[in-house]
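The values are calculated or read from the model by the stated rules, or taken from the named source; none is laboratory data. All of these numbers come straight from a predicted model, not from anything done at the bench. Note that each Cβ is placed from the backbone with ideal geometry, even for glycine, and that neighbours are counted across all protein chains shown.
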Amino acid sequence: MAVPHIDGHKAAKKRKITDRNIPNAVLQNPEFLEDSKMYQSLQDMERKLDWTMTRKKVEVQDALSRIPTTTRTLRIFLSHTVSGQAWQTGGEQPAANFDTGEGIPAWSFKVEGRLLEPPNQRSRDKTPQRKFSTMVKRMVVEIERDPALYPESNIVEWPRATGQHNPSLDGFTVRRSGDQATKLRVIIFLDHFPEQYRLSTELSQVLGIKEDSRLGVVQTLWNYIKLQNLQDKADRRMIHADEKLRMIFGAETIAFQQIPELVNRHLTAPEPVVLHYTLNPSVPPPEKPSAWDVEIKMEDSTLKNRMTTVVQASKESTATLMKLDEEIALLAQSLHNSQLKQTFLQSFADDPAKFIQTWLESQSRDLESILGSGPSEGMTVRQEELRRSEFFQLPWVEEAVAIQEGLRLAARGMQ
């Protein structure tokens, strides 16, 4: 049996009821006046809340495009272990195996690091900790000992390689042979985000900062210019140098677009972190490693996650809000239908005869509209049909004439 085709596209595009406004007749009804005011106030509050949330989302999206940064504390640990030393072997020197390294006094120096947790951090905001090697741009370990006695290199450098085959590490280890007390110097170039620069003495004295990002320096200089009112009154693109900026600008007046170029001349690489450590293989190493705290600027992943959550609403909450909106729209439509029904019945109760007459006239106009009546040489379509003899041959005409005649005779008999 053939199944009738249903237009699925039209069914999918069925219009949903979205109007949530209450009819004016209900709003102005004294019986519902208080409730109507409450509903209108809720709608006004919802509009204000939607507008505020939309504005905040735009602000958050704009802030996300600039990548939020923060300053964290990096704790660096220095420690060492020894092997094959006299105090470990009881004074007996075993036979040295130069292939395996057994029996040769040696020590291992370790450099490790980890980020400290921010204070008052919520457990749900915790993110996976970064490895120490991802926060180091370059590291050099200098070993202070006689190269004639120890031919091994006394300078160990670790430049961070770029590429997929560069594993992240929690620390680094330097192994050397020897049983003499040794001084080491660790030089660490941290990988700040955004990249930091050291200001020249002249610019540092003017701005009151020693290190900052390039953008931070430009913004601080611009704030100084606005605070000192150094912009030209007629042409705001021109900057006048005061006594402090004259040495930096090298001119009395410069254009605004020259500021980044002038700032770059006064920026150099920041000072590295320098740590000193002394190890003595002849005695047991300390139980706890030595620790130093340094500050590092990096991307604020916690804040970024919060901001992303604000911008990207969860599917559950969106579905719940849509369901509530649909329910409110259905209730508003039901209220509207009830108000029409009440008006219909009230009009009938006040004057039944006039109501029926008005209703019949309305139905007649609707019928003529459905039949396609309209101006046609001064006559409607129905009037045009009455001119044709075929119209009076229809099956229902005889019955209609009989009823009309009966009504006429009845009216005559009543007179």
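For Arg124, indicate whether it is modelled with pLDDT of 90 or more, more than 16 Å from Thr182 (Cα to Cα) and of a type outside the set (A, V, I, L, M, F, W, C). If you could, list the steps in order and put the result at the bottom.
Details: modelled with pLDDT of 90 or more: no; more than 16 Å from Thr182 (Cα to Cα): yes; of a type outside the set (A, V, I, L, M, F, W, C): yes.
No; evaluated as a whole, the condition is false for this residue.
Which of the following residues is of a type in the set (Asp, Glu), modelled with pLDDT of 90 or more and farther than 16 Å from Val294 by Cα: Glu102, Glu112, Glu142? I'd like the intermediate steps shown before the answer.
On the way: Glu102 fails: modelled with pLDDT of 90 or more; Glu112 fails: farther than 16 Å from Val294 by Cα.
Criteria check complete, one pass: Glu142.
Can you work out which of the residues in the range 195-210 that are of a type in the set (D, E, K, R) and over 29 Å from the mean Cα position of the chain (by Cα) is surrounded by the most Cβ atoms within 10 Å (Cβ to Cβ)? It would help to see each step written out before you state the result.
Of all residues in the range 195-210, those of a type in the set (D, E, K, R) come to 195, 198, 202, 210.
From what's left, over 29 Å from the mean Cα position of the chain (by Cα): 198, 202, 210.
Working: Arg198: 15, Glu202: 13, Lys210: 12.
Taking the candidates together, the pick is Arg198.
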